[in-house]
1. With a probe of 1.4 Å, find how much accessible area the stretch 274-374 has per residue, and write the answer as a whole number in Å².
2. Of the beta bridges DSSP finds with both residues in the chain, what % are antiparallel, to the nearest 5?
3. For the stretch 124-214, what % of the accessible area comes from carbon and sulfur atoms, probe 1.4 Å?
4. Taking the Cα centre of the chain as the origin, how large is its charge dipole in debye, to the nearest 20, when only Lys and Arg (+1) and Asp and Glu (-1) carry charge on their Cβ atoms?
5. Which of the pairs K168/K228; K126/K168; K228/K304 have their Cα atoms more than 25 Å apart in this structure?
6. Quick one, could you list the DSSP H helices from the chain stretching 20 Å or more along their long axis (Cα atoms) with average Kyte-Doolittle hydropathy of 0.0 or above?
7. Heavy atoms only, probe 1.4 angstrom, no DNA, RNA or ligands counted: give me L96, L86 ranked by accessible area, highest first.
8. Using a Gaussian network model on the chain with a 10 Å cutoff between Cα atoms, which of Y151, Y137, Y323 fluctuates the most?
Amino acid sequence: MSLTGTPFLYTTIVLSVVALILPLVLWSRMRGPKAVRTAARVLMLLFAQATAVTLIFVLVNNQNDLYDNWADLLGTGDHVQQAADLGQDGTGGIALKRLPKVRQSFTAADGPAMRAAGGVRVTQLKGRVSGVNAEVYVWLPPQYNEPKYRYHRFPVVELLPGYPGSAKAWFGSLKVHEQLLPLMRSGRVAPFILVAPRTNLLAGVDTGCANIPGTVNADSWLSVDVPKMVTDNFRAAAAPADWAVAGYSAGAHCAVKLAVAHPDRYRAAISLSGYNDPIGERNSLAAQSVTLRERNNPYLLLRKAAAPPRIALYVSGESGDGYQAGVALEQIAKAPTTVHVVFLPRSAGGHNMALWRPQVPAVFEWLTVNMGQSHVRAGTTPREPLSAGSTHAALASGTASRAGAARKR
């Protein structure tokens, strides 16, 4: 029975109801020695508590897409087949253009909201370079099957969840495809292909989207194997100018790190409540040594870059939860690197889906502009400020400011 499936949810509901009714019906009807009656009543109470906790966990997990399956929850999943030393660029010297095309079969994805807005499809990908074997979810924009777009190659955005987190989270919890469908139809948002690869590759740890020889090649999985699969199977543009990566929490750290480390693969990155130093997630493999932290810290990578990369970064967060990380990047950025920082006041929410979900439209409007997919000048915010304060409108528009937030407190 699937951890996130409807049958398991209904089963936990039924068991919780039964566990509540049993003591009411049997408590005073127990027969036998006192020790037996006491033991039976204790078991009924424990059963009621266990089913209640299980139901709450299932509801929270389904709402936030923390664990995708039983293997993730129990810490038994391992999606790394090999982890060779692939060198600084993460390719191991392999001429990627000479690799045979990756032909994948896709099926309709299961789970909450996965059938909405045209449906999300999924495939099991064996990364030829990274050695990772994991699922990848893909959603196609409404224009993809229209006759006039028959020869059009579409821009792509990779979507990364936090830790723990399921690759489905952007679709199930943030409802990115449902929010963007009408905006793409109206032309306010470019028709992006959305790609959500698994990032939880090893049991009980966050990979930090790092390449660690002998352990995992998460960077190469996300920035080499997944993009090649997408361009081989869909009408997706291959140029870095047409690729972006977005994430929240630990996924936000990965998004910025990938864009800064690989400007030859990505043009833009979105960070929602992220951090620069991998130590921001203590379970991250990239935080296990000073050397790994330095190699996977986008602030240090940007500061030490031989030449400023041609990338655009969008960073939003509350004070102490993403905002300072964005300001740090903004302070060292030099043209053509651009950094757009959005301050979110505490009144806007916390480190959760309720904070990130309303930001989706503004984030993708910003991507549309800064990836050259619209006629609006790049480097600007797509909407005029709706409010100087911390209202939901300002949050959703990406125009919330620190000064305005202070006035609203």
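The values are calculated or read from the model by the stated rules, or taken from the named source; none is laboratory data. Bear in mind the structure is a predicted one, so any value in this text is a computation, not a measurement. Cβ: placed from backbone, ideal geometry, glycine included. Neighbour counts: every protein chain shown. To get the accessible areas, we keep the full protein, side chains included, count just its heavy atoms, and leave off ligands, DNA and RNA. Shrake-Rupley method; radii C 1.70, N 1.55, O 1.52, S 1.80 Å.
1. Numbers: 4160 Å² over 101 residues.
Solvent-accessible surface per residue comes out at 41 Å².
2. Working: 16 of 43 bridges.
Of the beta bridges lying entirely in the chain, close to 35 percent run antiparallel.
3. On the way: 1450 of 2990 Å².
For the stretch 124-214, the apolar C and S fraction of the accessible surface comes to 49 percent.
4. Values: 41 positive and 25 negative charges, 123 e Å.
In total the dipole reaches around 600 debye.
5. Numbers: K168/K228 20 Å; K126/K168 19 Å; K228/K304 28 Å.
Cα-Cα > 25 Å for K228/K304; rest within.
6. On the way: long enough: 6-26 (30 Å, 2.18); 34-64 (45 Å, 0.98).
Answer set is 6-26, 34-64.
7. On the way: L96 60, L86 15 Å².
Correct descending sequence by accessible area is L96, L86.
8. Highest fluctuation among the options: Y151.
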